[in-house]
1. Quick one: Karplus J couplings for region 33-50, per residue in order, coefficients 6.51, -1.76, 1.60, θ = phi - 60°, nearest Hz, x for Gly and Pro?
2. With θ set to phi - 60°, apply the Karplus curve 6.51 cos²θ - 1.76 cosθ + 1.60 along region 15-20 and write out the HN-Hα couplings as whole Hz, x wherever there is a Gly or Pro.
3. Give a residue-ordered list of calculated ³J(HN,Hα) values for region 24-31 (Karplus: 6.51 cos²θ - 1.76 cosθ + 1.60, θ = phi - 60°; whole Hz; x for Gly, Pro).
4. For the pair Tyr11 and Gln43, how long in nm is the line joining their label points, each one 7 Å along Cα→Cβ?
5. How big is the chain by the Kirkwood estimate over distinct Cα pairs, in Å?
Amino acid sequence: MNYLNYVIAAYAVFAIVLVWDFVATRLQIRRELRNARSRAARQAAQTTRSQTSELSR
């Protein structure tokens with residue numbers, strides 16, 4: 001009985017899943033950081049607008 005093909009396939013699937021898990025995590029981190037920066041920029045702009053409008057009263 002030759003299990004070589006099964007073992008090679010099992011290691012290949014493991015490697016693919018491991019790489020995908022790494023890549024998907026990196027993509028998610030990048031997306032969340034981009035969202036956080038965007039949110040911070042919107043809040044900063046809103047704060048600036050509210051301070052400017054209060055000074056003009």
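FYI, it's all coordinate maths here, none of it is from the lab. Just so it is clear, the model here is predicted, and its values are computed rather than measured. All Cβ positions, glycine included, derive from the backbone under ideal geometry; neighbour counts span all protein chains shown.
1. Coupling constants for region 33-50: 5, 4, 4, 5, 5, 5, 4, 5, 5, 5, 5, 5, 5, 5, 5, 5, 5, 5 Hz.
2. Result, ordered by residue: 5, 5, 5, 4, 5, 4 Hz.
3. Calculated HN-Hα couplings, in order: 4, 5, 4, 5, 5, 4, 4, 5 Hz.
4. In this crude label model, Tyr11 to Gln43 measures out at 4.9 nm.
5. 15.5 Å
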